[in-house]
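Worksheet for the structure shown next.
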Amino acid sequence: MHLHSNTTLIIIDMQQGMNHPKLGRRNNPDAESQMLALLQAWRQAGRPVIHVRHFSRSPDSVFWPEQSGVEYQPAFMPLPGERELRKQVPDAFSASVLQQWLRDDAITQVVIVGVITNNSVESTARSGGNLGFEVIVPHDACYTFDGADFFGTPRTAEEVHGMSLGNLHGEYATVLATRDLLAAD
């Protein structure tokens with residue numbers, strides 16, 4: 001895999017609310033370290049970084065604007081020159097300037113990391129792929145939580161994560177490990 005000099009790292013929803021106990025058990029406990037390895041590599045190479053935050057419309061959400069859950073986790077604070085995008089739906093492309101920013105800067109390749117794998121990561125990756133961007137999702141640089149499927153069957157975060165990545169790989173995105181992405185650089 002070849003990374004372009006302007007391949008953009010999109011970090012989805014790395015906010016304090018993701019650590020709230022009400023979200024339940026999660027998978028991939030090393031996801032943050034993988035995300036930070038990518039962020040460090042992107043910053044060292046001078047590649048673009050976009051930080052995305054979710055601002056919920058529901059007052060009972062951990063991402064309600066009037067409380068600390070909406071704030072960035074300290075390790076993921078944007079640096080000067082890194083773009084920030086606010087969203088109110090899972091898909092970072094929906095009703096936002098993301099596509100325009102990427103097109104204006106002639107960016108065709110994006111790496112999407114963050115949370116929640118089967119929500120904001122998957123929906124953003126699907127839209128990016130549908131819009132013609134080359135989307136890369138490092139499987140170990142995102143995570144999700146335990147949940148029930150449509151029929152009410154409990155699923156582990158690992159099962160949910162794996163199914164979501166399976167939905168993406170080959171059709172909307174290339175899914176690989178962080179180490180493989182960093183080696184491609």
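Structure notes:
- Extension gain, MET163 to ARG25, is 48.0 nm, computed as 0.36 nm per intervening residue step minus the present C-alpha separation.
- Put simply, the Cα atoms of the stretch 1-155 extend 43, 33, 31 Å along their principal axes, the longest span coming first.
- Normalised by the number of residues in the stretch 1-75, the average gap of Cα pairs under 8 Å and 6 or more apart makes the relative contact order 47 percent.
- Look at where the Cα atoms of the stretch 135-180 and of the stretch 14-28 average out, and the two centres are 16 Å apart.
- Accessible carbon and sulfur surface of the chain relative to its total accessible area, %, 1.4 Å: 52 percent
- GLN16 sits among other residues whose Cβ lies under 15 Å from its own Cβ, and their net charge, with Lys and Arg +1 and Asp and Glu -1, is -1.
- Highest-MSF residue in the chain out of THR108, THR174, THR153 [GNM, Cα springs under 10 Å]: THR153
- Per residue, the accessible area of the chain comes to 47 Å², computed with a 1.4 Å probe over protein heavy atoms only.
- Rounded to the nearest 20, the size of the Cβ-charge dipole of the stretch 80-127 about its Cα centre is 100 debye, with Lys and Arg at +1 and Asp and Glu at -1.
- Loop-located chymotrypsin sites (Phe, Trp or Tyr not before Pro) in the stretch 45-119, at most 13 other Cβ atoms within 10 Å (DSSP): PHE55
- For THR153, net neighbour charge (Lys/Arg +1, Asp/Glu -1) across residues whose Cβ lies under 15 Å away: -3
- 222 nm mean residue ellipticity, helices alone, for the chain (DSSP H n ≥ 4; -39,500 (n - 2.57); rounded to 500): -8000 deg cm²/dmol
- Distant-in-sequence amide contacts of LEU176, defined by a placed amide H-H separation under 5 Å and a gap of 5 or more residues or a different chain, comprise VAL137, HIS139.
- Model label points for GLN100 and ASP60, set 7 angstrom from Cα along the Cα-to-Cβ axis, are 3.6 nm apart.
- Förster radius 35 Å - calculated FRET efficiency between GLN67 and ARG43, Cβ distance, rounded to 0.05: 0.75
The values are calculated or read from the model by the stated rules, or taken from the named source; none is laboratory data. Note that this is a predicted model, so its numbers are computed, not measured. With ideal geometry, Cβ positions are generated from the backbone for all residues, glycine too; neighbour counts draw on all protein chains shown. Quick note on the areas: whole protein, heavy atoms, side chains included, nothing else; ligands and nucleic acids left out. Shrake-Rupley method; radii C 1.70, N 1.55, O 1.52, S 1.80 Å.
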